[in-house]
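Just below is one structure, and these are the notes that go with it.
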Amino acid sequence: MKPLFISLVAAGALSLSASAFAGGDGDCHFHGSTPAKQETVSNCAAKRQQQLIASGKLDKAWQGIKPASLEQIDGQKGKEWKVTFKDPAAADKAKETLYMFFTLQGNFIAANFTGK
């Protein structure tokens, strides 16, 4: 009975320690007020792009298109990252440029074709 109890406690401790790592660069969900690095935001934008394609919200033509630019802008709630993707081959010129917005810490806010 004692070894079973020790095993359960150890398993519980391991599962709790894994959640301590949540919010790191790997999953693009961040806590705190530390601004994300440009490279981190670029990687998170590429991951979000793939998620939008997989869910059918973004056409598969966007597959493989890398971020064209990243900049910090003044958003409604303070500084934000604006990531721009360009597809010059887009049939619909109104959807030639995809914009993604992230908090300064790197959390996804929204994506659209208007830039607003």
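Structure data summary
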{"read-out": "Test set (1) within 12 Å of ASN107 (Cα to Cα); (2) open to solvent by less than 30 Å² (accessible area, probe 1.4 Å); (3) in contact with a Leu (Cβ under 9 Å, 6 or more places away or on another chain); (4) not in a strand (DSSP E or B) - THR40 fails condition number", "value": "(3)"}
{"read-out": "Members of segment 76-98 found to be of a type outside the set (Val, Ile, Thr) and surrounded by 16 or more Cβ atoms within 10 Å (Cβ to Cβ), listed by number", "value": "GLU80, TRP81, LYS82, PHE85, ASP87, ALA90, LEU98"}
{"read-out": "Unique residue being part of a loop (DSSP other than H, G, I, E, B), free of Cβ contacts under 8 Å to residues at least 60 places away in the same chain and among the β-branched types (Val, Ile, Thr) when the list is ILE65, ILE109, ILE73", "value": "ILE65"}
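The values are calculated or read from the model by the stated rules, or taken from the named source; none is laboratory data. Note that this is a predicted model, so its numbers are computed, not measured. Every residue, glycine among them, receives a Cβ derived from its backbone with ideal geometry; neighbour counts consider all protein chains shown. Only protein heavy atoms, including side chains, enter the accessible area calculation; ligands, DNA and RNA are left aside. Shrake-Rupley method; radii C 1.70, N 1.55, O 1.52, S 1.80 Å.
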